[in-house]
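Visitor: Starting off with a structure, shown below.
The values are calculated or read from the model by the stated rules, or taken from the named source; none is laboratory data. From a predicted model like this one, the values you see are computed outputs, not experimental measurements. In this analysis, Cβ positions are derived from the backbone assuming ideal geometry, glycine residues included, and neighbour counts consider all displayed protein chains. Quick note on the areas: whole protein, heavy atoms, side chains included, nothing else; ligands and nucleic acids left out. Shrake-Rupley method; radii C 1.70, N 1.55, O 1.52, S 1.80 Å.
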Amino acid sequence: MSAVEHRYELRSRVERYAGRIFTVVTDEVSMPGGGTATRDYARHVGAVAVVALDDAGQVVLVRQYRQPVGRHLWELPAGLMDVDGEDLPVAAARELAEEADLTAGRWDLLVDVHTSPGFSDEVVRVFLARELAEVPVGQRHERHDEEADLQIVRIDLDEAVGMVLAGEVTNGPCVAGLLAAARARDAGWSVLRRADTPLHR
């Protein structure tokens with residue numbers, strides 16, 4: 001038996017800031033008991049991330065500087081859903097090539113992550129990429145800004161999970177992706193979803 005959930009209806013929306021990646025809004029929303037409340041949050045374009053796993057069981061991690069936290073973080077190859085009409089597996093393949101100089105022959109869906117639902121609607125779709133191959137040197141993406149400083153490493157998946165549990169990996173999609181990949185591997189990959197599974201935002 002399930003409880004009847006209150007239907008939170010949007011009464012009004014005021015846009016406070018509009019940028020390329022996110023917009024900040026204030027929503028007035030109906031609350032249980034008949035009142036309303038305002039909620040400020042960022043409406044985000046969303047992102048994709050990739051757990052790239054090679055035949056030796058190693059995962060590709062990148063170390064990138066993030067200004068909001070003021071330091072370098074271990075992350076997965078990832079990027080924004082900012083190309084109109086681009087299918088998400090295609091976006092993931094583009095990011096894997098741009099950030100890790102890799103292509104993949106097999107793609108599956110691992111997890112979807114609402115990164116900070118208290119103040120943002122950002123969702124990150126995390127894919128599993130296998131059957132990896134190097135992008136030829138002459139065809140590699142030229143990296144700029146923070147990406148010019150990227151460090152790319154391959155680490156055994158279990159060692160990467162150990163880094164999560166030790167607090168060395170704190171990027172949310174990376175944490176979720178690594179744990180999900182280890183669980184999926186231990187289940188013989190039977191829990192994976194199709195890469196083209198529709199995304200529910």
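Visitor: Cβ-Cβ distance below 7 Å, separation of 6 or more or different chains: which pairs start in the range 27-42 with a residue that is farther than 22 Å from THR115 by Cα and end on one that is part of a loop (DSSP other than H, G, I, E, B)?
Guide: So the pair list comes out as SER30/TYR8; SER30/GLU9; PRO32/HIS6; ALA37/MET31.
Visitor: So which residues in the range 142-201 are more than 23 Å from VAL123 (Cβ to Cβ), open to solvent by 40 Å² or more (accessible area, probe 1.4 Å) and part of a loop (DSSP other than H, G, I, E, B)?
Guide: GLU142, ARG143, HIS144, ALA166, GLY167, GLU168, GLY188, TRP189, SER190
Visitor: For the range 74-115, give me each residue that is over 20 Å from VAL175 (Cα atoms) and part of a strand (DSSP E or B).
Guide: LEU102, THR103, ALA104, GLY105, ARG106, listed by residue number.
Visitor: Restricting the search to the range 44-64, which residues are modelled with pLDDT of 95 or more and open to solvent by 30 Å² or more (accessible area, probe 1.4 Å)?
Guide: Within the range 44-64, ASP55, ALA56, GLN58, ARG63 qualify.
Visitor: If you don't mind, another one. Which condition number in (1) of a type outside the set (Ser, Thr, Tyr); (2) buried (at least 17 other Cβ atoms within 10 Å of the Cβ); (3) without any contact (Cβ under 8 Å) to a residue 12 or more places away in the chain is the one that GLN139 fails?
Guide: Looking at each condition in turn, GLN139 falls short on (2).
Visitor: Turning to a different aspect of this structure: For the range 104-119, what are the residues that are loosely packed, with under 13 Cβ neighbours inside 10 Å and among the hydrophobic types (A, V, I, L, M, F, W, C)?
Guide: PHE119
Visitor: Let me ask something else about it. Counting only residues that are among the charged types (D, E, K, R) and surrounded by 12 or more Cβ atoms within 10 Å (Cβ to Cβ), which one in the range 27-43 is nearest to the chain's Cα centre (by Cα)?
Guide: ARG43
Visitor: Just to be sure before I move on: is ARG130 closer than 17 Å to ARG94 by Cα and at pLDDT 95 or above in the structure I sent? Lay out the reasoning, then the answer.
Guide: Working: closer than 17 Å to ARG94 by Cα: yes; at pLDDT 95 or above: yes.
It is true that ARG130 is closer than 17 Å to ARG94 by Cα and at pLDDT 95 or above.
Visitor: Further question: Which residue out of THR115, THR170, THR103, THR197 is of a type in the set (Ser, Thr, Tyr) and farther than 30 Å from ARG43 by Cα?
Guide: Only one candidate passes the filter, namely THR103.
Visitor: Among the strands (runs of 3 or more DSSP E) lying completely within the range 3-57, list those that include at least 1 residues that are hydroxyl-bearing (Ser, Thr, Tyr) and more than 30 Å from ALA184 (Cβ to Cβ).
Guide: Where strands (runs of 3 or more DSSP E) fall fully within the range 3-57 and carry at least 1 residues being hydroxyl-bearing (Ser, Thr, Tyr) and more than 30 Å from ALA184 (Cβ to Cβ), they are 10-18, 22-30, 36-44.
Visitor: Right, next: When the residues of the range 1-44 are narrowed to those that are of a type outside the set (S, T, N, Q) and touching a Phe, Trp or Tyr at 6+ places or on another chain (Cβ under 7 Å), which ends up nearest to GLU95 (Cα to Cα)?
Guide: HIS44
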